Amino acid sequence: MSLPPGFLDELRTRTSLSQVVGRKVIWDARKSNQGKGDMWAPCPFHQEKSPSFHVDDRKGFYYCFGCHAKGDALGFIQETENVGFMEAVEILAREAGMPMPARDPQAQQKADRRTQLIEIMEQAVAFYRLQLKTGAASAARDYLSRRGLDPAAQERWMIGFAPPGWQSLRDHLASRGVSDELLIELGLAKRSNNDRPPYDTFRNRILFPIHDARGRPIAFGGRAMDPDDKAKYLNSPETPLFDKGRTLYNFAPAREAAGKAKTLVVAEGYMDVIALSEHGFSATVAPLGTAITPDQLALMWRIADEPVIAMDGDTAGVRAAMRVVDVALPLLQAGKSLRFCLMPEGQDPDDLLKNQGAGAMQKLLEQARPMVDLLWQRETEGGSFDSPERRAALDRNLRSAIGKIQDPFIRAHYGEAIKRMRWSLFNPSRPRPAWQPKGARARVTASVTTRASMLAQGDSRMDEILREQVILAVLLTHPAILPQFEDALERLEFLDPDHGRIAAAMIVHLEADDLRAALEGVVGAAPLEKLFAPRHVSLCPAVRDREDSDIAALCVAEELGKLHAHRGARQEIEEAMRNAEIDGNEGMTWRLGQAAEARNRAERAQTEDRTEFEIGANGARINRGEQRAFDSLLEEISRGKAK
């Protein structure tokens with residue numbers, strides 16, 4: 001059976017040789033470097049103890065320095081599975097998720113035609129490169145020089161020039177026996193509407209050849225020299241050789257550079273790729289006039305685990321980065337992700353390199369942000385979340401985005417990261433008061449009257465800390481009620497740092513099957529043991545009764561209400577004290593007295609008994625009014641018997 005043209009190339013591109021070989025060998029951990037795709041193991045083809053079998057995962061080849069066995073993934077399967085070539089192709093195709101093509105009796109003829117088309121493309125590249133050296137291309141050479149590309153760089157990138165004439169390339173190739181139909185099929189020419197010969201697709205443009213994974217020319221990208229041209233950049237149309245959604249500019253050289261531990265950078269256009277490569281960032285690719293596609297992401301992840309998407313620092317660049325996030329989310333795998341490097345506003349990589357040099361670019365790449373940051377920025381930037389409805393809309397959008405992730409473990413980690421960011425957004429640190437010096441706590445000297453007061457002698461915050469303990473202990477004992485108090489827990493500012501850490505971990509692990517175990521993994525066991533140690537916590541009915549979630553919810557709601565009342569009074573008193581010490585007038589002294597009275601009222605309100613039920617000896621709830629009526633009846637009966 002003959003395979004269609006390009007099938008084996010795509011199969012090899014999608015296949016990881018280290019995964020294929022890894023099923024038959026045990027990698028040597030000391031000698032292998034998985035990040036670089038440089039793997040070593042004892043040879044599976046002959047008996048040995050030392051790891052002389054080498055796999056270059058980036059290039060897709062293996063070689064044994066002992067027995068000199070060599071080949072690619074197909075050859076390895078043939079040798080180790082004892083199968084024929086087509087069976088090896090079928091095995092790899094199944095693993096790569098590629099359907100085997102139907103039997104095509106004309107496959108060899110198509111393969112020969114593909115070879116013919118590539119030869120014509122090579123002739124076109126040579127023609128355009130010669131045209132760049134002519135007088136008609138003087139403006140193009142000046143432009144390239146201004147962009148920092150000397151003649152040597154132009155040769156390295158095989159840059160050419162399409163003359164302004166309508167049929168320059170067509171006439172040249174026709175003289176060499178190339179038919180008009182082949183030129184049209186390759187996208188090098190277009191049909192005329194007035195029965196004239198086809199005319200050239202590219203005219204008066206600087207041309208950048210586009211190559212396939214094996215380094216063969218398959219298309220062109222052209223930059224217009226005429227400022228009035230409708231299309232500044234023009235790519236070849238899709239042809240039997242060129243599928244723009246499955247091709248990356250500079251892929252073959254970038255693959256080799258990434259195999260030498262270079263960071264894979266994804267830029268926006270040809271000139272960005274060339275500028276970055278000329279400044280040492282040789283593992284750089286670019287999409288071809290379209291947004292990044294899933295197939296292009298697969299190509300990137302084939303040669304690097306975490307490519308860096310470098311976008312221009314303008315609005316269009318940011319929007320393009322956000323579109324990449326949507327494409328990548330469903331495709332994420334463990335160890336396969338993206339990072340994002342946004343240029344300074346109004347600059348592209350070429351501008352940055354010219355103005356600040358390679359060092360500035362390297363610094364930006366090192367500071368590239370993970371994809372979850374871009375997702376959070378997209379959903380929150382410029383938004384206002386000052387109402388429950390707006391927060392609910394934010395949560396809905398974030399859940400929808402995270403829900404696109406197919407891998408459940410990655411989806412869970414994204415959920416935890418988003419919850420931490422949400423916590424930070426809705427619980428910012430309290431700003432430094434105007435009266436407090438920066439970097440230090442202000443010292444306030446109390447007056448004699450104030451120092452003698454009960455308010456100054458006692459710890460006014462201890463009661464709040466005790467209530468924090470009860471709230472957290474009850475929620476930890478009854479995790480089922482945690483969702484209804486999530487918002488209140490986020491807003492609450494804890495005085496005890498351990499309490500704040502426990503609350504944050506609760507929200508992050510809201511849906512954990514075993515909440516206590518999840519919290520121990522984050523904050524440790526000691527803070528949780530300390531939380532339940534105080535007697536007032538252990539004696540709390542909602543902590544002792546692990547079954548009654550209704551009582552637990554009532555307890556938490558009541559404690560939150562009391563805590564807010566006490567805290568409001570305390571903060572008013574503290575502010576009045578500071579103002580009294582600073583101003584020292586009778587008005588502030590009066591305010592201090594009023595604040596103290598407000599706190600007393602709050603505390604009296606807290607001690608009022610407003611519960612409707614009591615817990616009986618058997619654990620049942622008894623209505624307090626009914627209990628009192630029953631007690632009165634018993635008392636009357638007792639008095640009657642006494643008479």
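The values are calculated or read from the model by the stated rules, or taken from the named source; none is laboratory data. All values derive from a computational prediction rather than experimental measurement. All Cβ positions, even for glycine, are placed from backbone atoms using ideal geometry, and neighbour counts span all protein chains on display.
Couple of notes before you dig in:
- On inspection, Arg129 does not qualify as within 20 Å of Leu276 (Cβ to Cβ), basic (Lys, Arg) and in contact with a strand residue (DSSP E or B) (Cβ under 6 Å, 6 or more places away or on another chain).
- Where Arg12 falls short, out of the listed (1) more than 26 Å from Glu87 (Cα to Cα); (2) out of contact with any strand residue (DSSP E or B) (no Cβ under 8 Å at 6 or more places or on another chain): (1)
- Selection within the range 295-309 - without any contact (Cβ under 8 Å) to a residue 60 or more places away in the chain and surrounded by fewer than 19 Cβ atoms within 10 Å (Cβ to Cβ): Asp295, Glu306
- Filtering the range 179-199 to residues that are among the small types (Gly, Ala, Ser) and either over 21 Å from Ala126 (Cβ atoms) or not in a loop (DSSP other than H, G, I, E, B) (or both) leaves Ala189, Ser192.
- Complete set of residues in the range 148-174 that are within 25 Å of Leu352 (Cβ to Cβ) and surrounded by 15 or more Cβ atoms within 10 Å (Cβ to Cβ): Gly148, Leu149, Ala153, Gln154, Trp157, Ile159
- Tally, over the range 361-409, of residues that are of a type in the set (A, V, I, L, M, F, W, C) and in a loop (DSSP other than H, G, I, E, B): 3
- Within the range 268-288, considering residues that are touching a Phe, Trp or Tyr at 6+ places or on another chain (Cβ under 7 Å) and in a helix (DSSP H, G or I), the one farthest from Leu365 (Cα to Cα): Tyr270
- Residue list for the range 352-364, filter: surrounded by fewer than 17 Cβ atoms within 10 Å (Cβ to Cβ) and aliphatic (A, V, I, L, M): Ala358, Ala360
- Remark: pairs (first residue in the range 365-386, within 13 Å of Leu338 (Cα to Cα); second residue exposed (fewer than 15 other Cβ atoms within 10 Å of the Cβ); Cβ separation under 6 Å; 6+ apart in sequence or on different chains) are absent.
- Candidate set from the range 226-253 (those that are at pLDDT below 90 and among the aliphatic types (A, V, I, L, M)); member that is surrounded by the fewest Cβ atoms within 10 Å (Cβ to Cβ): Ala231
- The range 13-46, subset charged (D, E, K, R) and out of contact with any helix residue (DSSP H, G or I) (no Cβ under 7 Å at 6 or more places or on another chain), residue surrounded by the most Cβ atoms within 10 Å (Cβ to Cβ): Asp38
Each row is one residue, and each column tells you yes or no for (1) closer than 29 Å to Glu10 by Cα; (2) of a type in the set (A, V, I, L, M); (3) modelled with pLDDT of 80 or more.
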{"residue": "His54", "(1), (2), (3)": "yes, no, yes"}
{"residue": "Met98", "(1), (2), (3)": "yes, yes, yes"}
{"residue": "Ala111", "(1), (2), (3)": "yes, yes, no"}
{"residue": "Leu117", "(1), (2), (3)": "yes, yes, yes"}
{"residue": "Val125", "(1), (2), (3)": "yes, yes, yes"}
{"residue": "Tyr128", "(1), (2), (3)": "yes, no, yes"}
{"residue": "Arg141", "(1), (2), (3)": "no, no, yes"}
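- Within the range 20-32, the residues that satisfy the criterion of being of a type outside the set (D, E, K, R) and either outside any helix (DSSP H, G or I) or at positive phi (or both) are Val25, Ile26, Trp27, Ala29, Ser32.
- Top-ranked residue of the range 175-218 - restricted to ones that are on the phi > 0 side of the Ramachandran plot and within 46 Å of the chain's Cα centre (by Cα), ranked as surrounded by the most Cβ atoms within 10 Å (Cβ to Cβ): Gly187
- Matching residues, the range 439-475, being part of a helix (DSSP H, G or I) and modelled with pLDDT under 80: Val448, Thr449, Thr450, Arg451, Met454, Leu455, Ala456, Gln457, Met462, Asp463
- Of the residues making up the range 295-327, those that are under 17 Å from Leu264 (Cβ atoms) and not hydrophobic (A, V, I, L, M, F, W, C) are Asp295, Gln296, Arg302, Asp305, Glu306, Pro307.
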